[in-house]
1. Apply the Karplus curve 6.51 cos²θ - 1.76 cosθ + 1.60, θ = phi - 60°, to the phi angles in the stretch 181-194 and return the couplings in whole Hz, x for Gly and Pro.
2. What number does the chain give for Rg over Rh if you use C-alpha atoms and the Kirkwood radius?
3. Taking the Cβ of L272 as the center, what net charge do the other residues with Cβ under 11 Å away carry, scoring Lys and Arg +1 and Asp and Glu -1?
4. Hey, how much of the P(r) for the stretch 299-421 falls beyond 16 Å, as a percent of Cα pairs?
5. Please state the relative contact order of the chain as a whole percent: Cα pairs under 8 Å, 6+ residues apart?
6. Given 0.36 nm per residue, what is the gain on full extension from M66 to T193 after removing their alpha carbon distance, in nm?
7. Under the rule of -39500 (n - 2.57) per DSSP H run of 4 or more residues, summed and divided by the residues of the chain, what mean residue ellipticity at 222 nm is obtained, to the nearest 500 deg cm²/dmol?
8. Is there a quick way to get the dipole size of the chain? I mean about its Cα centre, with the Cβ of Lys and Arg at +1 and of Asp and Glu at -1; what is the value in debye to the nearest 20?
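The values are calculated or read from the model by the stated rules, or taken from the named source; none is laboratory data. Quantities reported herein were computed from a predicted structural model and do not represent experimental measurements. Ideal geometry is used to build each Cβ from the backbone, glycine not excepted, and the neighbour counts take in all protein chains shown. Protein only, heavy atoms only, side chains kept; ligands, DNA and RNA dropped before computing areas. Shrake-Rupley method; radii C 1.70, N 1.55, O 1.52, S 1.80 Å.
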Amino acid sequence: MDLEIDFRTGSSLRRQLEDALRVAIRSGRLVPGSALPPSRDLAEQLGVSRGVVIDFPRAGWKAALMRALRELPDTRLGYANHRGIAELRNALAGYLARVRGVVVQPEHVVVCCAASQALTVLWHALRHQGGRRVAIEDPGWRWQRYTVEHAGLEAVPVRVDGDGTVVSELAAADVDAVVMTPAHHYPTGVVMTAERRGALIAWARERGALIVEDDYDVDYRFGRDPVASLQGLAPDLVAFVGTTSKTLAPALRLAWVVPPSHLIDDVENVLLVTGVTPPTLDQIAMASFIEDAALERHLRSMRRRYRAKRDVLVAALGRQLSEVRVSGTAAGLHVLAWLPDGADEHATAMRARQSGVGVHELHRHCTTQAPSASALLLGFALPTESELVTATQLLASALCLCLGAVLMAVLARRIRRRPGA
Ligand SMILES: Cc1ncc(COP(=O)(O)O)c(C=O)c1O
């Protein structure tokens, strides 16, 4: 069964869908109860490419790694300092101070295998100091909650609104720490306001609580410069966490944490006991990548490419899905697209995934707060610009079919009720 819908026209998707269904029902091609075509068929018609290529500075990384392998003396092939090798801690201290305003001495930088490991290590250190409850953002990155719970602490969800985490709710949450993404909230894209940042620090100081700042995607800002780190405002209260997962690639498994000084010894003990540290060769390669400015060259070029991709995606959404609203600041590697009233985000996401378009539902990132509207997270890092346009068409088809199932039932009921129908 063909539904004749032209996604390029200016008229609303709902309107076009309604018209197409009306024509199909009237002509007898669609009878009440018939199944709408699976979006996989549409995917095949539109010829979407499922293949994606990862963006990674292979040549530069290979050169850094080969140099490390060539030059590393045998004496350094033994156990390394479990806080990280000196070269990388020096390089990171300079880089984070310059780029993020982090207040740090090299000896206070701890190199980890991933942001998730950095969080886990922090929670064990906190627990050792008597901490029991940690506030998590709701919605928020699910792994934050998983790491809190896995460390035997209680995760307490706290709301996020258009100004960032709702700090006034922290007092009632009765927590020893809070973990957050203030520079670019995951997944809504909100930047925490200066007033909230001030209130947060005042709360933490009065309570003696720890703030864990997850600075996961700060390298990608497409409009204004990122706000400086919270850690720079209160280094005695904030543990700053960074990762290469967005900056370079998740496969590197390289991250860092700058804990406040009262946690450093406990953090070190956790690392000592678990024995999990990134390989020395990778750490040396990363250090030279920072020192030789290869990282900044890579970021300059990636910022241009990601900005172009984001622009293509947002423009395609505006053209093909004008009812969808994109929210959040222009940053990071995903956009949050709010679906029109009546759209079921789960059904739409399922259909989109069946057609090869990887999207996430906002609900997946919620702990207790059910958002009043439906939204999907659309990542734009991996697809090419033309794949993004195709993916948007497929998403429009998926949304169309989901809204169609609802509309079809309504229309069929209306048509049946009409005298002489
Ligand atoms: C909020 C947030 N923090 C951190 C990360 C990266 O974590 P990791 O370094 O464990 O890969 C992500 C990745 O999606 C994220 O969304």
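1. For the stretch 181-194, the Karplus-derived couplings read 10, x, 6, 6, 4, 9, x, 7, x, 6, 9, 5, 6, 4 Hz, x marking Gly and Pro.
2. Reported Rg/Rh (Cα atoms, Kirkwood Rh): 1.05.
3. The answer is -2.
4. Percentage above 16 Å: 63.
5. RCO, the chain: 23 percent.
6. Working it through step by step, the gained length comes to 41.3 nm.
7. The helix-only estimate for the chain comes to -14500 deg cm²/dmol at 222 nm.
8. Approximately 1520 debye in magnitude.
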